[in-house]
Amino acid sequence: MTIEKLELFEVFVRPKRGLDHKHVGSLHAEGREQALEYARDVYTRRTEGISIWVVKSQDISASQEDDNECFFDPSDDKPYRHATYYPLPKEITTM
Amino acid sequence: MTQSTQNTVDSKQDLMNYVVRLGDDSIVLGHRISEWVSEGPFLEEDIALGNVALDYIGRARMFYGYAATLSGDEKTEDDFAFLRDEREFENYLINELPRGDFAYTITRQLLVDLYNKYYLQALTQSTDPTLVAIAQKAVKETTYHCRRSKSWTLRLGDGTEESKRRMQLAIDDIWGYSHELFESDLLEQRLIDAGIAVNCADLKQPWLADVEAIFQQAGLNVPETTWAVRGGRKGYHSEHLGHLLTQMQFVYRSFPGAKW
């Protein structure tokens, strides 16, 4: 078997109940099921997780470096989108 | 010494010998699989094989640790693993066969993993609580090993002409070593009567049914040959075990008592 024939998968692991699945890395495998097994073998050897997702890398649509200017810059001057922008009324002591 | 004390001593000796055998099976196979580390077909499989090797070596440690307790002297698990010679090892021969090519490794794993699945399930019913505890831990690992070896067998058997040819070659080579897995000697018979040991003859039927079903699905054949090689439980080994032990025991024997 050659590595060129394998597909690339992204691996997400949920570290514990109540937390979200987090991207931990990628791996090569022949299919979803094998990818899941390899994710177990490669990324949860030190009991890092209680649940695993694998997704074909090609199924992920990713923003590109070129997109950054139009994607992210416009939000730089909109501080009112942050909760901290608004002064709290004196009556509120805990938030 | 009274009759009953003598019996207790004998049965304790029997139990220790039995536990050491189980440790021998695990460490020899674990070492064999570890030979793949850094030589796996690709990175992910390399790590996966390393994990399986560690499962087996960890299992050997549990059995040898228990044997050390039973021995009642200053022995440790290391004495069992590193200071015994070839004739004192009583592992089944299938475990010491060379790692061969990947098809050979997978075939051996399939046969042994499925065997261990039934063996460990039966061992959880032992009257010996320590063996039960070890079996309960190990059976989970083995369930995963079976999943791996089954899916690889299907993939390679039902893969290319080359992979199918290699799988069938491996099956034909290894099959004759599977028979002794289902034969117990007098020592084990005494422990079976006491409810401690697994009666491995009982495992043959479900094991064979599993193997046949997987081979059929993979387009592989169960050999019709009847040749069999036996002797592991008597300490009679193939030429391969000596070389394995040399490699495995070399450091420990060269630097006695060395610590990390």
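Here are the numbers for this structure:
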{"item": "Straight-distance crosslink candidates among lysines, where the alpha carbon sits under 24 Å from B:LYS117 and sequence neighbours closer than 8 are dropped", "result": "B:LYS137, B:LYS140, B:LYS150, B:LYS204, B:LYS234"}
{"item": "Residues of type aspartates and glutamates that B:LYS259 reaches as a straight line, Cα spacing below 14 Å, ignoring anything fewer than 8 places off in the same chain", "result": "B:ASP78"}
{"item": "Approximate spin-label separation A:GLU33-B:THR246, in nm, with each point projected 7 Å along Cα-to-Cβ", "result": "4.2"}
{"item": "Computed Rg/Rh of segment B:1-122, alpha carbon atoms with Kirkwood Rh", "result": "1.06"}
{"item": "Kirkwood Rh in Å, taken over chain B so that all alpha-carbon pairs contribute", "result": "19.0"}
{"item": "Most positive-pole-ward Cα, B:ALA103, B:SER126, B:ILE192, against dipole of segment B:101-200 from beta carbon charges", "result": "B:ALA103"}
{"item": "For chain B, the longest site-free run once GluC sites (Glu not before Pro) in DSSP loop states with at most 16 other Cβ atoms within 10 Å are removed", "result": "B:75-182"}
{"item": "Semi-axis lengths (Å, descending) of the ellipsoid that matches the C-alpha gyration tensor of the protein assembly as shown", "result": "47, 28, 19"}
{"item": "Residue-count net charge about A:GLN58 - beta-carbon cut-off 12 Å; Lys, Arg +1, Asp, Glu -1", "result": "-2"}
{"item": "All-pairs alpha carbon distance profile, chain A, 10 Å steps from 0, percent", "result": "14, 27, 22, 21, 12, 4, 1"}
{"item": "Whichever aspartates and glutamates have a C-alpha closer than 14 Å to that of A:LYS16, once near sequence neighbours (fewer than 8 apart) are set aside", "result": "A:GLU48"}
{"item": "Segment B:113-221: proportion of alpha-carbon pairs further apart than 22 angstrom, %", "result": "40"}
{"item": "Average Cα contact separation per residue, segment A:1-61, under 8 Å, 6 or more apart, as relative contact order %", "result": "41"}
{"item": "Per-residue Cβ neighbour rank within 10 angstrom, fewest leading, B:ASP172, B:ASP73", "result": "B:ASP73, B:ASP172"}
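Computed from the coordinates by the stated procedures, all read-outs in this text should not be read as laboratory data. All figures in this text were calculated on a predicted structure; none of them were measured in a lab. Note that we place each Cβ from the backbone using ideal geometry, even for glycine, and neighbour counts take in every protein chain shown.
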